[in-house]
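**Student:** Here's a structure for you.
The values are calculated or read from the model by the stated rules, or taken from the named source; none is laboratory data. Values in this document were obtained by computation on a predicted structure and should not be read as measured data. Backbone-built Cβ (ideal geometry, glycine too); neighbour counts: all protein chains shown. Accessible surface is based on the protein model in full, side chains and every heavy atom, while ligands, DNA and RNA are left aside. Shrake-Rupley method; radii C 1.70, N 1.55, O 1.52, S 1.80 Å.
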Amino acid sequence: LKAAGINSISVTTHYKKELITDYFKDGSDFGIAISYVEESEPLGTAGALSLVKHSDGPLLVINGDIVTQINFGAFLAFHEENQAFVTVGVRQIETPIPFGVVESKGVDITGITEKPVLSHFINAGVYVLSPEAIALIPKGQSSDMPDLINNLVSAGKRVVGFPITEYWLDIGQIEDYRKVQEERGGTEERSDE
């Protein structure tokens, strides 16, 4: 984030917040300013944003279990160029189906595709929200980003997807966390997983 010119970060915390605040402190060791917003109870990925102080510009939101090399400057520029309420970082994944997929109409088979590979965009946990989108988040209520996005789409607001082609990995599972450690040459692992 610092390399992208972002020098002020707010972190929402709840579970084991001391581990985060004790490590990052005020951010000065990293050349940035970090402030913390504590959720007394979890408010979800969107609901927590109702507690964060906002500027008049767009807000970059990143899930805490994402490791990425995304070009944040290009991401923010894409959001502005598309005049979106929300821009969602999306990642293309391919899922092989190890069987023949049967197409049918009623009981009649109309075709079989042998072991297809399905390609989908998934939500990569990186977002840019316009101030107008942030204003629509219910204050102090639990709400997740898919809820906010679906509500905006239903209301006819523009929500766009920004394809992430750079390195990206969700480390919400311990195996993926270990993979990142191996790829980055680190072996740090906490005993209080």
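**Student:** From Gly156, Gly172, grab the single residue that is open to solvent by 60 Å² or more (accessible area, probe 1.4 Å) and of a type in the set (Gly, Ala, Ser). Full working, then the answer.
**Tutor:** Working: Gly172 fails: open to solvent by 60 Å² or more (accessible area, probe 1.4 Å).
Only one candidate qualifies: Gly156.
**Student:** Considering only region 3-108, give the strands (runs of 3 or more DSSP E) lying wholly within it that have at least 3 residues that are closer than 24 Å to Val159 by Cα and not aliphatic (A, V, I, L, M).
**Tutor:** Working: elements: 8-13, 33-38, 59-62, 66-68, 86-96, 100-105.
Once the strands (runs of 3 or more DSSP E) in region 3-108 are filtered for at least 3 residues that are closer than 24 Å to Val159 by Cα and not aliphatic (A, V, I, L, M), what remains is 86-96.
**Student:** So, in region 21-52, exactly how many residues are without any contact (Cβ under 8 Å) to a residue 40 or more places away in the chain and of a type in the set (A, V, I, L, M, F, W, C)?
**Tutor:** Going through region 21-52 one residue at a time, the tally reaches 7.
**Student:** Tally up the residues in region 80-100 that are open to solvent by 80 Å² or more (accessible area, probe 1.4 Å) and more than 30 Å from Leu129 (Cα to Cα), please.
**Tutor:** Applying the first criterion (open to solvent by 80 Å² or more (accessible area, probe 1.4 Å)) to region 80-100 yields 80-81, 83, 92, 94, 96, 98-99.
In the following step, the residues that additionally are more than 30 Å from Leu129 (Cα to Cα) were identified as 96, 98-99.
Residues in region 80-100 being open to solvent by 80 Å² or more (accessible area, probe 1.4 Å) and more than 30 Å from Leu129 (Cα to Cα): 3 in total.
This table checks each residue for (1) open to solvent by less than 90 Å² (accessible area, probe 1.4 Å); (2) among the aromatic types (Phe, Trp, Tyr); (3) under 30 Å from Lys53 (Cβ atoms); (4) in contact with a helix residue (DSSP H, G or I) (Cβ under 6 Å, 6 or more places away or on another chain).
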site	(1), (2), (3), (4)
Val102	yes, no, no, no
Lys105	no, no, no, no
Thr113	yes, no, no, no
Val128	yes, no, yes, yes
Lys139	no, no, yes, yes
Ile149	yes, no, yes, no
Pro163	yes, no, no, no
Tyr177	yes, yes, no, no
